[in-house]
Amino acid sequence: MQAEEAMSEAPRTMFEKIWERHRVLEREDGQTLLYVDRHLVHEGGAAAFAALRRRGLAPRAPERIFTVPDHYAPTDSRRLDDIRDPRHREMIEQLARNSEEHGIRHFGLGGPEQGIVHVIGPELGLSQPGMLIVCGDSHTSTHGALGALAFGIGSSEVAHVLATQTLWQRKPKTMRITVDGRLGEGVSAKDVILAIIARIGAAGATGHVIEYAGSAIAGLSMEGRLTLCNMSIEAGGRAGMVAPDELAFDYLAGRAYAPEDWEAALARWRALPSDSGAVFDAEVTLDGGAIEPMVTWGNSPEEALPIGGTVPGPEAAADAERRETLARTLDYMGLAPGMALEGLAVDRVFIGSCTNSRIEDLRAAAAVARGRRVAESVEAWVVPGSEAVKRQAEAEGLHEVFRGAGFDWREPGCSMCVGMNGDIARPGSRVASTSNRNFMGRQGPGARTHLVSPAMAAAAAVSGHFTDVRRLLAGGG
Amino acid sequence: MEAFTRLTSAAVPLPRPNIDTDQIIPARFLSRPREVNHGDFLFHDARRVPGTGERDPEFPLNREVFGAARIILAGRNFACGSSRESAVWALFDAGFRCAIAPSFGDIFRTNGMKNGLLPVVLPAEAVAALIGQIEAAPGAEVTVDLRTLEVTFPDGSVHGFEVDPFARHCLLEGLDEIGLTLSLEDEIAAFERRYGRENAR
C-alpha cells in the first residue's frame with residue numbers, strides 16, 4: 001500500500017492517469033486488462049459480430065457501443081437501393097441488423113447523425129477527456145485530441161471488447177512531441193503532422209502513445225487537434241493525445257452525449273493533463289514557425305516535403321535497398337529525381353476523410369476556392385465528414401462556393417480516402433488528397449496520391465497543379 | 001486459434017520498408033467474411049503486372065522456389081497502416097505462419113498473435129543477413145521456435161527474439177482470449193461497481 005501511495009504522488013503523464021483509471025487487473029507478466037468506455041463500430045465490425053454469434057455470446061455493455069456506416073457509405077446518394085455492389089449494401093445492412101439485434105445505438109445511413117466514425121464521435125460528444133475509446137479502425141487515434149486514450153484495434157479485439165467490454169494490453173511507451181512557436185499563414189495542423197512524420201518516420205512512434213504539446217499545439221483549434229491526432233498512426237503511434245483545456249471543454253459543452261453531470265466531469269477533466277515533471281520515454285521538438293505547407297511525394301506518409309521541395313534522387317538513399325525502394329516509388333508515382341513539387345499537374349482533388357473533412361477544413365478550402373474555378377483538367381470533390389458538417393457548411397453557403405467553383409459537393413463517408421465504396425481514381429491519375437495515406441493503390445490500383453492540407457488541395461484544384469497556397473491567399477494567382 | 005510451437009520452412013523475402021496492409025490486401029476485398037479463403041487476395045495487386053492482371057514472375061511470392069514458404073521476411077515497419085485483420089487472414093490462408101521483420105505495425109502484430117501468425121522482431125542487421133542467406137540459396141530453410149524464442153538461420157546461427165509472455169502462452173496453446181477473460185467476470189463486475197457512472201455518458 002505504501003508503495004502504491006508513493007507511486008501515486010510521482011508526477012504522471014496524462015496517458016498514465018487514464019491507463020491506471022481503467023485498469024481492471026494486471027497480471028504478473030505486466031499484461032493489463034483495461035475497461036473500455038466507448039466502443040465505436042463501423043461496417044468492418046461484421047466479422048466480430050459473427051465471431052460473437054458463433055460462440056453464442058451477446059455484447060456485455062450495449063449502452064457503451066455506438067455504430068455508424070462510413071466505409072461503404074455511397075457519396076452520391078443516401079439510398080441503400082442506389083448502392084450497385086450487393087456486397088457493399090450488405091455491409092451497411094448487416095451493421096444496422098447487428099445493432100438492432102443487440103440494442104446498440106446506430107447512426108444509420110440517411111439519418112441526421114451519420115458520418116465518418118472519427119468525425120461523429122467528437123461531434124456528438126461521445127468522445128470525452130479521460131475516456132478509453134476503441135474502434136476497429138487505425139484512425140481511432142483521432143479522439144485523443146479531446147484528451148482521451150483512443151486507439152485502433154483488430155477484428156479479434158473488437159470481438160473481445162464486444163464480449164467483455166475490456167481489452168488486454170501491454171503498457172506502451174510514451175513520447176512527447178512539442179511544437180512551439182507560431183504557425184505561419186497558410187500552415188495548418190495537417191502540415192504540422194506531415195512535418196512531424198517526415199521528421200520521425202512512419203515507424204518513429206511505434207510502440208508509443210504520443211502526447212502533443214507546446215504553444216503551437218495549444219494554439220490549434222479543436223478541428224486542428226483532431227487532424228493532428230488522427231495521423232499519429234502514420235507515425236507508427238498507438239495513440240495521440242492533446243491535454244484537454246477550456247477549448248476542449250467549450251467544444252463539448254451542449255453536445256448530444258455530453259456528460260449529464262457536467263460539473264463533476266469538468267472537475268475530473270481538469271486533473272487530466274500531465275503533471276509537471278512527468279517523464280516521457282521519448283521527447284521530440286519541432287519549431288512550429290519553420291513548418292511550411294507540405295506535400296507528400298512517395299508511398300509512405302514520411303515521404304513529405306515543403307511545397308518548395310524537389311523529388312529526392314538516389315543520393316538521398318542510405319543503402320542499396322533504399323535506392324531500390326526509391327526507384328520503385330518514383331516509378332509508381334510517375335516522378336523523377338529533381339522534379340519540383342510545385343507545378344506538378346493533378347487530375348483529381350479529394351477534400352474529405354477522417355483527417356480533413358470537418359467544418360474548419362471546408363472553410364479553409366472554400367476560402368481558396370471562392371471566386372476561382374477548378375481547372376478544366378481536374379475533377380474535384382468535397383466530401384463532408386458527417387451530416388452535421390454538411391448541414392453547417394450549407395448553412396454557411398460553402399456548398400455554393402464549391403459548386404460555383406466547379407467542385408462536386410457530395411454526401412458524407414470515407415469515400416476516396418480508402419475507396420471501399422467504389423470512389424476511386426483511375427490508374428495513373430494524380431490525386432491531391434486531404435486524406436491520410438499515400439500507399440500504393442490506396443485510392444485505386446495505380447492511383448498516385450499526394451497528401452496535402454485542405455487549403456493546399458483547393459489551391460491544386462483551381463491551379464491544375466500543386467502550388468503554394470500562401471501565394472493564392474496573398475491574392476495572387 | 002491454431003497453435004504455433006515450432007516451424008521449419010522456406011522463407012520468402014520482401015526486402016522493402018513500410019509494406020502496408022493496403023498492399024497485403026487491397027481494400028476492395030474487405031467485404032468478405034472470414035470463412036472465405038483470403039489467400040487469393042494476398043498482395044493481389046502488388047504481385048501482378050499493372051494493367052494486365054498477369055502475375056509478375058519477378059515478385060518473390062510468385063517464384064516457384066518459394067511456393068512452400070510459410071515464413072515471410074520483410075523490411076522495417078511491416079504491415080503498417082490499416083487495422084484490417086484480413087491482412088493476417090490473407091497471409092494465414094496463403095500458408096504463412098510467421099513473419100520476420102525489424103519492426104511491425106503495432107495493430108498487425110497484435111492481430112497476428114491472435115490468429116496463429118507469429119510476428120518475430122529481429123534487429124535490422126539480422127534480418128538483412130537472413131535475407132542475404134535466402135537470396136544466396138533460395139528455398140533454404142529457417143526454423144522459428146516459440147518455445148525457446150529462437151530463430152535458426154540457414155547458416156546455423158541462432159537469434160533470440162522476444163514476445164509478450166501472455167500472447168505467447170495463448171499462441172503456444174492455441175487459446176483465444178475471450179474464454180479466458182470471460183472467466184474473470186467477477187473482477188470485471190467489481191471494477192464496474194467501483195467505476196459507477198463515470199464515463200457512462
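Backbone phi angles across the range A:288-303, fed through the Karplus curve with coefficients 6.51, -1.76 and 1.60 (θ = phi - 60°), yield HN-Hα couplings of x, x, 8, 7, 10, x, 10, 9, 8, 10, x, 10, 10, x, 6, 8 Hz in residue order; Gly and Pro are listed as x. Cross-linked pairs A:17/A:190; A:190/A:390; A:17/A:390: Cα-Cα separations exceed 32 Å for A:17/A:390.
Provide the per residue accessible area, probe 1.4 Å, for the range A:411-474, rounded to a whole number of square angstrom.
Numbers: 1380 Å² over 64 residues.
Roughly 22 Å² per residue, with all protein chains present.
Ligands, DNA and RNA aside, residue A:351 has an accessible area near 0 Å² when probed at 1.4 Å.
The residue list A:366, B:172, B:130 was ranked by how far each Cα lies along the charge dipole of the protein assembly as shown toward its positive end, using unit charges on Cβ atoms, and A:366 comes out on top. Relative contact order of the range B:90-201, taken over Cα pairs closer than 8 Å and 6 or more residues apart, is 19 percent.
For the interface of chains A and B, what total accessible area is buried with a 1.4 Å probe, rounded to the nearest 100 Å²? Interface between A and B: roughly 5200 Å².
How much area per residue is accessible in the range A:1-143 when the probe is 1.4 Å and only protein heavy atoms are counted (Å²)? If you can, show how the numbers build up before the last one.
Working: 5430 Å² over 143 residues.
Spelled out: the 1.4 Å probe surface of the range A:1-143, per residue, equals 38 Å².
Please list A:156, A:276, A:99 in order of solvent-accessible area, largest first, computed with a 1.4 Å probe with all protein chains present. Could you put the intermediate results ahead of the total?
Numbers: A:156 30, A:276 110, A:99 0 Å².
So, going from the largest accessible area down, we get A:276, A:156, A:99.
Projecting the Cα atoms of A:340, A:381, A:405 onto the charge dipole of the range A:294-472, computed from C-beta unit charges around the Cα centre, puts A:405 farthest toward the positive end.
In the range A:164-213, what residues drop by 20 Å² or more of accessible area when the other protein chains are put back, versus the chain on its own? Use 1.4 Å, and skip ligands and nucleic acids. Listed in order, they are A:164, A:168, A:170, A:202, A:203, A:206.
Summing charges over all other residues whose Cβ lies under 12 Å from the Cβ of residue B:87, with Lys and Arg as +1 and Asp and Glu as -1, gives -2.
Rounded to the nearest 20, the size of the Cβ-charge dipole of the range B:6-195 about its Cα centre is 280 debye, with Lys and Arg at +1 and Asp and Glu at -1.
Converting phi to 3J(HN,Hα) with the Karplus coefficients 6.51, -1.76 and 1.60 and the offset θ = phi - 60°, the range A:29-34 yields 7, x, 5, 10, 9, 10 Hz in sequence order, with x at every glycine or proline. Counting only protein heavy atoms and a probe of 1.4 Å, the accessible surface of the protein assembly as shown is 49% carbon and sulfur.
Annotation for residue A:28 and residue B:1: the two label points, set 7 Å from Cα along the Cα-Cβ direction, are 2.1 nm apart. Compared with the dominant principal axis of the Cα atoms in chain B, helix B:185-195 is inclined by about 60°. Across the range A:409-415, rounded Karplus estimates of 3J(HN,Hα) from the backbone phi angles (6.51 cos²θ - 1.76 cosθ + 1.60, θ = phi - 60°) give 9, 10, 8, x, x, 6, 6 Hz, Gly and Pro being marked x. Under a model in which nothing but the beta-carbon of Lys, Arg (+1) and Asp, Glu (-1) is charged, chain A shows a dipole of about 760 debye around its Cα centre. Within the protein assembly as shown, antiparallel bridges make up roughly 30 percent of the DSSP beta bridges whose residues both belong there. At a threshold of 40 Å², the residues of the range B:143-166 that become less accessible to a 1.4 Å probe in the full protein assembly than in their chain on its own are B:164, B:166. Taking every alpha-carbon pair under 8 Å whose residues sit at least 6 apart, chain A reaches a relative contact order of 17 percent.
Based on the Cβ-Cβ distance of residue B:145 and residue B:201, what FRET efficiency does E = 1/(1 + (r/R0)^6) give at R0 = 35 Å, to the nearest 0.05? Mind showing how you got there, number by number?
Values: r = 49 Å, r/R0 = 1.41.
That pair, residue B:145 with residue B:201, gives E of 0.10.
Between residue A:295 and A:305, A:307, the built amide H atoms are under 5 Å apart, and every one of these is 5 or more places off in sequence or on another chain.
Taking all protein chains together and a 1.4 Å probe, the residues A:80, A:40 rank A:80, A:40 from largest to smallest accessible area.
Peptide B:96-108 is shielded by partner chain Cβ atoms: per residue, an average of 3 of them sit within 10 Å of its Cβ.
Taking a spot 7 Å from the Cα of residue A:426 along the direction of its beta carbon, which residues of the range A:303-342 have an amide N less than 17 Å from it? Residues A:334 qualify, since their backbone N sits under 17 Å from the label point. Since only A:212, A:72, A:311 are under comparison, the one whose Cα sits farthest along the positive direction of the charge dipole of chain A, derived from C-beta charges on Lys, Arg, Asp and Glu, is A:72. Note: relative contact order over chain B, using C-alpha pairs below 8 Å and six or more positions apart, is 26 percent.
Across peptide B:33-44, the mean count of Cβ atoms from other chains lying within 10 Å of each residue's own Cβ comes to 1. Note on residue A:82 and residue A:266: their simple-model spin labels are 4.3 nm apart, each label 7 Å out from Cα toward Cβ. Rounded to the nearest 20, the Cβ-based charge dipole of the range A:34-169 about its Cα centre (Lys and Arg +1, Asp and Glu -1) stands at 400 debye.
Heavy-atom accessible surface of chain B, averaged per residue, reaches 40 Å², computed with a 1.4 Å probe.
To the nearest ten degrees, helix B:124-136 and the longest principal axis of the Cα atoms of chain B are 40 degrees apart.
The values are calculated or read from the model by the stated rules, or taken from the named source; none is laboratory data. Quantities reported herein were computed from a predicted structural model and do not represent experimental measurements. With ideal geometry, Cβ positions are generated from the backbone for all residues, glycine too; neighbour counts draw on all protein chains shown. The accessibility values were calculated without ligands, DNA or RNA, using every heavy atom of the protein model including side chains. Shrake-Rupley method; radii C 1.70, N 1.55, O 1.52, S 1.80 Å.
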